[in-house]
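A.B. asks: Right, I'll just put the structure down here and ask away after.
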Amino acid sequence: MRNPLRPLMFLLLCFLSAPACADRQQDPRLGRLLQQALAADACFEDKFTEQVWRAAMEPKLLKLVADDQERADILHHVHCEARRLDLPPGLVMAVIDVESRFDRWAVSSAGAVGLMQIMPFWPGELGMTNHELVRIAQNVRMGCTILRFYLDREKGDYTKALARYNGSVGRRNYADLVLTRLANRWQFH
């Protein structure tokens, strides 16, 4: 069972967290893409494909997310956004696993928030509230848009794109960790 004080702790950490690093996610083109993504219509899924996805991923995610509705929301939004942006859904799951361990209340030492660890300056840039970063739909949509942006920028090179996503350009540790999780836990065919 989740601690009922987590939302309050989250808000406190948002205000006390260190300022965002200047080199992380601050490309103006990325801001425009995020605005477009947040304004996009809801995803209309092929229900059969989504059910196959859920059947494959549910048992793996059950070990990490106890709440049935939260687990269903994560699986739905990851599948939806991955399909919308032509991303491997297993890669998105691996990023979430490494970034937050599927804890939507997670806040990093740099102040990044939520499942996909979105930098805290984005709400102000996009006319959102900080609390929206812990909402599954918004966080996954933003994280997937950022990941797609970096994959495009790096011409499909997962290692370089993941390093940009994490703010660890020139180092392989983060990318290797995500790709290992993808191969060992979240691969979906």
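A.B. asks: Which distance in nm do the two modelled labels at residue 46 and residue 169 give, with both placed 7 Å along the Cα-to-Cβ direction?
C.D. replies: 3.7 nm
A.B. asks: Continuing with this model, one more query. From largest accessible area down, sort 148, 84, 71; use a 1.4 Å probe on the protein chains.
C.D. replies: Largest accessible area first, the residues go 84, 148, 71.
A.B. asks: Got a number for the accessible area of residue 188? Probe 1.4 Å, square angstrom, nearest 10.
C.D. replies: 60 Å²
A.B. asks: Now, a different point. If a paramagnetic tag sat 7 Å from the Cα of residue 131 along the Cα-Cβ line, which residues of region 77-116 would have the backbone N under 19 Å from that point?
C.D. replies: Only 104-107, 113-115 pass the distance filter.
A.B. asks: Rounded, prolate or oblate: which fits region 28-186, taking a ≥ b ≥ c as square roots of the Cα gyration tensor eigenvalues, rounded meaning a/c under 1.5, else prolate when a/b beats b/c?
C.D. replies: The shape class here is rounded.
A.B. asks: Considering only protein heavy atoms, what is the solvent-accessible area of residue 131 at a probe of 1.4 Å, reported in Å² to the nearest 10?
C.D. replies: Roughly 70 Å² of residue 131 is accessible to a 1.4 Å probe.
A.B. asks: Under a point spin-label approximation (7 Å from Cα along Cα-to-Cβ), what is the residue 110-residue 55 distance to one decimal in nm?
C.D. replies: 3.9 nm
A.B. asks: Please report how far the C-alpha centroid of region 156-176 lies from that of region 122-155, rounded to the nearest whole angstrom.
C.D. replies: Spelled out, the Cα-based centre of one part sits 17 Å from the other.
A.B. asks: Taking a ≥ b ≥ c as the square roots of the eigenvalues of the Cα gyration tensor of region 60-138, is the shape rounded (a/c under 1.5), prolate (a/b larger than b/c) or oblate?
C.D. replies: prolate
A.B. asks: Relative to the present Cα-Cα distance, how much length would full extension add between residue 177 and residue 103 at 0.36 nm per residue of separation?
C.D. replies: So the chain would gain 24.9 nm between residue 177 and residue 103.
A.B. asks: Something else now. For the pair residue 159/residue 86, report the inter-label distance in nm, with labels modelled 7 Å from Cα in the Cβ direction.
C.D. replies: Taking the two extended label points, one gets 2.4 nm.
The values are calculated or read from the model by the stated rules, or taken from the named source; none is laboratory data. Just so you know, these numbers come straight off a predicted model, no measurement behind them. Please note: Cβ atoms are built from the backbone with ideal geometry, for glycine as well, and neighbour counts cover all protein chains shown. In case anyone asks, the SASA skips ligands and DNA or RNA and just uses the protein heavy atoms, side chains included. Shrake-Rupley method; radii C 1.70, N 1.55, O 1.52, S 1.80 Å.
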